Amino acid sequence: MGALRACYALVALLALGGTILGSHLVSVLTADNVKQIDTSSIPAAVLAAVTAEKPNGVITGAEFENEAGVDMYEITVTEGGVKYEIDVSPTGEILDVAIDDDSDDEIMLKVGW
C-alpha cells in the first residue's frame with residue numbers, strides 16, 4: 001500500500017511540475033521585448049523592404065522587437081489612408097503585413113514566416 005501511495009504522490013508531483021514548467025515555457029515563448037526606435041535609425045535593408053512593399057507609404061513609427069525568439073522590426077506605414085504594420089527581419093525579409101485598426105485585432109494581409 002505504501003508503494004501505491006508513493007506512486008500516486010510521484011504522479012501528482014510530476015503533474016504539478018509539468019504544469020508549472022509548461023506555463024513558464026508559454027510565458028517565455030509569448031513574451032515580447034519591444035523597443036521604440038527612431039525612424040531615422042531603421043536599417044537600410046529593412047527600409048528597402050518596406051519601401052518595396054508600400055512604395056507610396058509614409059513611415060509613421062518603428063519598433064525593434066523579439067517575438068518568440070525572433071528579432072524583427074515592426075514598421076508602421078500609412079498608405080492611401082490605411083495604416084499598416086509590416087514586420088521585417090533584420091536582413092530585410094518581409095515576415096508579415098497587417099492592417100492596423102488600432103484594436104487588438106489586425107487583418108493579416110501577408111504572412112511570410
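The values are calculated or read from the model by the stated rules, or taken from the named source; none is laboratory data. Every value quoted in this text rests on a predicted model; they were computed, and no experiment measured them. Glycine also receives a Cβ, built like all others from the backbone with ideal geometry; neighbour counts cover every protein chain displayed. Remember, those area values only see protein heavy atoms, side chains included, never the ligands or the DNA or RNA. Shrake-Rupley method; radii C 1.70, N 1.55, O 1.52, S 1.80 Å.
Side notes on the structure shown:
- Whether a residue is surrounded by 10 or more Cβ atoms within 10 Å (Cβ to Cβ) and at pLDDT below 85 was assessed, and Ala45 does not pass this test.
- For Ile59, the stated conditions hold: it is of a type in the set (Val, Ile, Thr), under 17 Å from Ser40 (Cα atoms) and not in a loop (DSSP other than H, G, I, E, B).
- Residue within region 2-18 that is surrounded by 15 or more Cβ atoms within 10 Å (Cβ to Cβ) and either at pLDDT 50 or above or not in a helix (DSSP H, G or I) (or both) present: no
- In region 37-85, the qualifying residues are those that are touching a Phe, Trp or Tyr at 6+ places or on another chain (Cβ under 8 Å) and of a type in the set (S, T, N, Q), and the one that is nearest to Val97 (Cα to Cα) is Thr76.
- Those residues of region 62-74 which are of a type in the set (A, V, I, L, M, F, W, C) and either surrounded by 16 or more Cβ atoms within 10 Å (Cβ to Cβ) or part of a strand (DSSP E or B) (or both), in sequence order: Ala62, Phe64, Val70, Met72
- Test for Val77: is it outside any loop (DSSP other than H, G, I, E, B), modelled with pLDDT of 85 or more, touching a helix residue (DSSP H, G or I) at 6+ places or on another chain (Cβ under 8 Å) and open to solvent by less than 70 Å² (accessible area, probe 1.4 Å): yes
- Residues that are assigned to a strand (DSSP E or B), open to solvent by 30 Å² or more (accessible area, probe 1.4 Å) and of a type in the set (D, E, K, R), drawn from region 80-101: Lys83
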